[in-house]
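Asker: I am attaching a structure below and will ask some questions about it afterwards.
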Amino acid sequence: MSHYNDNERIKQSLASFDENIPIDILIVDDGSTVRPQEAELQPYFKPGKLRIVNMEKNGGCGAARNLGLLRITEMQPAYEFIGTMDSDDLNKPGRFRKQLEYLEKNTDIALIGSWIDCIDSKGNFLYTHKYPVKDKEIKKHMYVNSMFAHPTMLFRSEILKTVGFFPEKYRWSEDYAFVFNVSKKFKVENLPEALIYYTINEKGYSSKNRRAQVWDRLRIIKDNFEFGFWPVYGLLRNFPLLFMSREFLVRIKKLLRKNSL
């Protein structure tokens, strides 16, 4: 879990780990002005041990996530599975247990995500985002956007030997680049259930850097381009998004959801 200047919200996020399996958590603080302390946060996290790694200065989500992966892969005994979480999102009960059980039963799946229930910064429900579930559909739609919400991912740590960490050259969409790399080498799926509450914050990292994220998304599609319907469609679909705010798109999604009821 990467964290930056969100010391109250992270407590809610940690308290949302409602699991009956042991889980350890590594928080990478990305140069916060007021750094969280392990002794302060551990009481909120019940499933296992909590550790904090501090970056000297703010380096962005990609750098923070990669530092976390580096520290985890250096630990002994080694972790077989690695999950991801953002400090402003909330797990539903049994989120990791459901994903772990699925990966243990389906040994050909390297990475699993899930659908998400989107909420605003006040906790109000906005809509459910349903990603493609099966590997074949995910691979096609990866040319449009990431088919995984970053805070829903659980993957086998051994895949890092093949795909590496988050590609930091895509500063604003490194998670999209990472799962694109994974989907090209391994079988991936999403559980058809919303397992987290995903916070859409107009003052948050993604909203403030939306235009840069779309530019990175276009670069990722171009760098993985092969002639066909989905790569061409992905480029054509994403270019207009450079001129649309996230707030506008959220309103459209809410409107479409109301009309479908």
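Asker: Being open to solvent by 40 Å² or more (accessible area, probe 1.4 Å), more than 19 Å from Lys185 (Cβ to Cβ) and within 18 Å of the chain's Cα centre (by Cα) is the requirement here; does Lys98 meet it? Walk me through how you get there before you give the answer.
Answerer: Numbers: open to solvent by 40 Å² or more (accessible area, probe 1.4 Å): yes; more than 19 Å from Lys185 (Cβ to Cβ): yes; within 18 Å of the chain's Cα centre (by Cα): yes.
When the stated conditions are applied, Lys98 passes them.
Asker: Filter the stretch 220-261 down to the residues that are assigned to a helix (DSSP H, G or I), open to solvent by less than 80 Å² (accessible area, probe 1.4 Å) and at pLDDT 60 or above and list them by number.
Answerer: Narrowing the stretch 220-261 to residues assigned to a helix (DSSP H, G or I): 220-223, 229-243, 246-260.
Then drop every residue that is not open to solvent by less than 80 Å² (accessible area, probe 1.4 Å), which leaves 220-221, 223, 230-232, 234-235, 238, 240-242, 246, 249-250, 252, 254.
Listed by number, the residues that qualify are Ile220, Ile221, Asp223, Trp230, Pro231, Val232, Gly234, Leu235, Asn238, Pro240, Leu241, Leu242.
Asker: I've got another one for you. Could you run through the stretch 55-95 and say how many residues are among the charged types (D, E, K, R) and closer than 22 Å to Ala15 by Cα?
Answerer: Initial filter on the stretch 55-95 (among the charged types (D, E, K, R)): 56-57, 65, 71, 74, 80, 86, 88-89, 92, 95.
Now narrow it down to the ones that are closer than 22 Å to Ala15 by Cα: 65, 86, 88-89, 92, 95.
Number satisfying all stated conditions: 6.
Asker: Looking at (1) among the aromatic types (Phe, Trp, Tyr); (2) closer than 23 Å to Ser13 by Cα; (3) without any contact (Cβ under 8 Å) to a residue 40 or more places away in the chain, which is the only condition Phe227 fails?
Answerer: (2)
Asker: Take the residues of the stretch 101-123 that are touching a helix residue (DSSP H, G or I) at 6+ places or on another chain (Cβ under 7 Å) and more than 16 Å from Pro151 (Cβ to Cβ): which is surrounded by the most Cβ atoms within 10 Å (Cβ to Cβ)?
Answerer: Ala110
Asker: With the structure loaded, tell me whether Gln76 is on the phi < 0 side of the Ramachandran plot and part of a loop (DSSP other than H, G, I, E, B) or whether it fails that test. Quick ask: steps written out before the conclusion?
Answerer: Values: on the phi < 0 side of the Ramachandran plot: yes; part of a loop (DSSP other than H, G, I, E, B): yes.
It is true that Gln76 is on the phi < 0 side of the Ramachandran plot and part of a loop (DSSP other than H, G, I, E, B).
Asker: Same structure, new question: Quick check on the stretch 25-40. Is at least one of its residues part of a helix (DSSP H, G or I) and without any contact (Cβ under 8 Å) to a residue 12 or more places away in the chain?
Answerer: Yes, there is a match, as at least one residue in the stretch 25-40 is part of a helix (DSSP H, G or I) and without any contact (Cβ under 8 Å) to a residue 12 or more places away in the chain.
Asker: On to the next question. When you look at Lys136, is it without any contact (Cβ under 8 Å) to a residue 40 or more places away in the chain, part of a helix (DSSP H, G or I) and of a type in the set (Lys, Arg), yes or no?
Answerer: yes
Asker: Which of the residues spanning the stretch 139-171 are part of a loop (DSSP other than H, G, I, E, B) and open to solvent by 60 Å² or more (accessible area, probe 1.4 Å)?
Answerer: Answer for the stretch 139-171, where residues must be part of a loop (DSSP other than H, G, I, E, B) and open to solvent by 60 Å² or more (accessible area, probe 1.4 Å): Phe165, Glu168, Lys169, Arg171.
Asker: Could we say that Gly62 is open to solvent by less than 40 Å² (accessible area, probe 1.4 Å), of a type outside the set (A, V, I, L, M, F, W, C) and within 17 Å of Glu168 (Cβ to Cβ) here? Lay out the reasoning, then the answer.
Answerer: Details: open to solvent by less than 40 Å² (accessible area, probe 1.4 Å): yes; of a type outside the set (A, V, I, L, M, F, W, C): yes; within 17 Å of Glu168 (Cβ to Cβ): yes.
So Gly62 passes the test.
Asker: Across the stretch 84-121, which residue is nearest to Glu174 (Cα to Cα) among those that are in contact (Cβ under 8 Å) with a residue 24 or more places away in the chain and among the basic types (Lys, Arg)?
Answerer: In this case the residue turns out to be Arg95.
Asker: Taking the stretch 1-20, which residues are over 23 Å from Gly60 (Cα atoms) and modelled with pLDDT under 95?
Answerer: Asn20
Asker: Those residues that are of a type outside the set (A, V, I, L, M, F, W, C), under 23 Å from Asn66 (Cα atoms) and either open to solvent by 30 Å² or more (accessible area, probe 1.4 Å) or outside any loop (DSSP other than H, G, I, E, B) (or both), I need them from the stretch 83-94; list them, please.
Answerer: Step one: filter the stretch 83-94 for residues of a type outside the set (A, V, I, L, M, F, W, C), giving 83-84, 86-89, 91-94.
From the residues that got through so far, the ones that are under 23 Å from Asn66 (Cα atoms) too are 83-84, 86-89, 91.
Across the stretch 83-94, the qualifying residues are Gly83, Asp86, Asp88, Asn91.
The values are calculated or read from the model by the stated rules, or taken from the named source; none is laboratory data. Predicted, not measured: the structure shown is a model, and the values here were computed from it. We place every Cβ from the backbone using ideal geometry, glycine too, and count neighbours over all the protein chains shown. The area values use the complete protein model at the heavy-atom level, side chains included, leaving out ligands, DNA and RNA. Shrake-Rupley method; radii C 1.70, N 1.55, O 1.52, S 1.80 Å.
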